[in-house]
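Each remark here refers to the structure printed beneath this line.
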Amino acid sequence: MDQEKVNILLVDDQPAKLLAYEVILKDLGENLVIASSGREALEVLLKTEIAVILVDVCMPELDGFELAAMIREHPRFQKTAMIFISAIQVSDIDRLRGYEMGAVDYVPVPVVPEVLRAKIKVFAELYRKTRELERLNHELEDRVRARTAELEASTAKLRESEQRRSMAIAAGKMGSWDWDWISGDWMWDEGQYNIFGVSPDNFEINPANVQALLHPDDVDQLRKAIAEFNKGTRAYETEFRIIRPDGEVRWCVGTAAATTDESGRVVRVSGVTVDITERKRAEERQNLLAREVDHRAKNALALAQSIVRLTRADEVKAYVNAVEGRINALARVHTILSLSSWQGAELSRLIDEELAPYSLGDQIKLAGPEVQLLPATAQTLALALHELFTNSAKYGALSTRAGRLAIDWQIDEELLTLSWEESGGPLVKTPKSRGFGTRSLLASIESQLGGQAQFDWRAEGLLCRLEVPLTRKTAAAAPSKFDTAGAAELQRASG
């Protein structure tokens, strides 16, 4: 199925440059919208949904920085990707100013067509995926609203029939009661006893015993209801919790109506109690699911954006391949986590997914117990393994048929230790400086997971050792000295 096209806004005061950008970006197959000034760009934005804005820094009347500031002031465009094009030498201060205004990247003049297309393509895809996630969120919200409407309609029907005592018993979920306001006598039906988890054989109904079954935080609801009836209120409804004798907490909604004598004095109060525990739990699950969807969507976009921003390459093709490889690794682990309902991912499955693109036969040996990783640990470790496999396939043992790779892992007191040992490949020399992949691997393992990564560049092959905490508690306590080093590595990687 053809994917929906997105709109890309090109802003420049020079027609020739606009035409050049159109020619360069035509092959992307997206909708190209042009504006010859900042004000015209603002008019377009108010009428059209824009995925990416390509804007010239130097323009008369309204330059690129001023335009970006005005765009960011509008709530609708606070997350719209903006790429600046500058034909002059941009200072670090100007570059920082541009990023503060919301720019996601700079493209210098003369423009390299392949680089510009690659950058625009990445942000167009991110926009398309974001819209898809937003659509899924809206569908989820619609289902929640529909369910809430059903529950409200059900409550309305309950109010209409609250005077009919025959509805009081419904499989232990509903009960009715009657309180003689003058004598203090109570009457409960079977459903009421079932809801409170007591038996008529050994439970005496009186205000003290009833109050003892109410949740301490909801006792005031009973006092408030009595006060309202004393003030002349004829009907009252509230939600409250009870604590059954076995310790189980249940949610209920209670509806009460007062009967008065000829002088208007309350003589009797009758009511219906409905056990709504399952409804409350369903609402909590729906709310949790909505928050989880939003959280995972933001995390996925943040990871993808970090990959795009931090990846470095000397050539456009290498840049595109590196970005696609890392995003594909992220996508693979997301698929695994989705299949487990985001409960976790097995380490062996992560390794198998990274091995899938290669035809390596018996070059690789794996050994280790089954390990279930937390979602956050699985995401970070999957990207680290991707870097190791990619580097090995390019320069290490997996770059030749004679090369061998042994991966084994073990667990000791909630600490995963993974050993990566290469042999039989090209002669290895200790690198003079760490590449981006190595630096990002160190930063992710040490800073994000509170673990440790060690490299031994032996002549016969790389030996890498990763130590990763398996629990959130361990991961939170483990960092110390590795946090600072990992953060510094990531900063140098992004520089």
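The values are calculated or read from the model by the stated rules, or taken from the named source; none is laboratory data. Every value quoted in this text rests on a predicted model; they were computed, and no experiment measured them. When we count neighbours, we look across all protein chains shown, and the Cβ atoms used for this are built from the backbone with ideal geometry, even at glycine.
A few notes on this one:
- For the range 390-433, a tally of residues being in a loop (DSSP other than H, G, I, E, B) and free of Cβ contacts under 8 Å to residues at least 24 places away in the same chain returns 4.
- Qualifying residue in the range 387-399 (condition: within 17 Å of G450 (Cβ to Cβ) and either surrounded by 20 or more Cβ atoms within 10 Å (Cβ to Cβ) or out of contact with any Gly (no Cβ under 9 Å at 6 or more places or on another chain) (or both)): no
- Assessment of the range 17-26 against the conditions (among the charged types (D, E, K, R) and not in a helix (DSSP H, G or I)) yields no matching residue.
- The combined condition, being in the same structural domain as D408 (by TED's automatic domain parsing), acidic (D, E), at pLDDT 70 or above and within 17 Å of A382 (Cα to Cα), is not fulfilled by E460.
- Selected residue (criterion: nearest to the chain's Cα centre (by Cα)) from residues of the range 227-278 that are among the basic types (K, R) and surrounded by fewer than 18 Cβ atoms within 10 Å (Cβ to Cβ): R241
- Search result, residues across the range 58-108 that are among the β-branched types (V, I, T) and at pLDDT below 80: I88, V90, I93, V104, V107
Yes/no matrix, rows are residues, columns are (1) more than 22 Å from L466 (Cα to Cα); (2) modelled with pLDDT under 75; (3) in a loop (DSSP other than H, G, I, E, B):
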position	(1), (2), (3)
L330	no, yes, no
V333	no, yes, no
S338	yes, yes, no
W342	yes, yes, yes
L350	no, no, no
E354	no, no, no
D362	yes, no, yes
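- M70 falls short on exactly one of the conditions (1) assigned to a strand (DSSP E or B); (2) surrounded by fewer than 18 Cβ atoms within 10 Å (Cβ to Cβ), and that condition is (1).
- Helices (runs of 4 or more DSSP H) contained entirely in the range 184-279, each with at least 1 residues that are modelled with pLDDT under 85 and touching a helix residue (DSSP H, G or I) at 6+ places or on another chain (Cβ under 7 Å): 219-230
- In the range 166-183, of all residues being touching a helix residue (DSSP H, G or I) at 6+ places or on another chain (Cβ under 6 Å) and surrounded by fewer than 19 Cβ atoms within 10 Å (Cβ to Cβ), the one that is modelled with the highest pLDDT corresponds to I169.
Every residue, every condition in (1) surrounded by 15 or more Cβ atoms within 10 Å (Cβ to Cβ); (2) in a helix (DSSP H, G or I); (3) modelled with pLDDT of 85 or more, yes or no:
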| site | (1), (2), (3) |
| --- | --- |
| E114 | no, yes, yes |
| I120 | yes, yes, yes |
| R128 | yes, yes, yes |
| L136 | no, yes, yes |
| R145 | no, yes, yes |
| A153 | no, yes, no |
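- Of all residues making up the range 228-263, the number that are among the hydroxyl-bearing types (S, T, Y), under 30 Å from R281 (Cβ atoms) and without any contact (Cβ under 8 Å) to a residue 60 or more places away in the chain: 2
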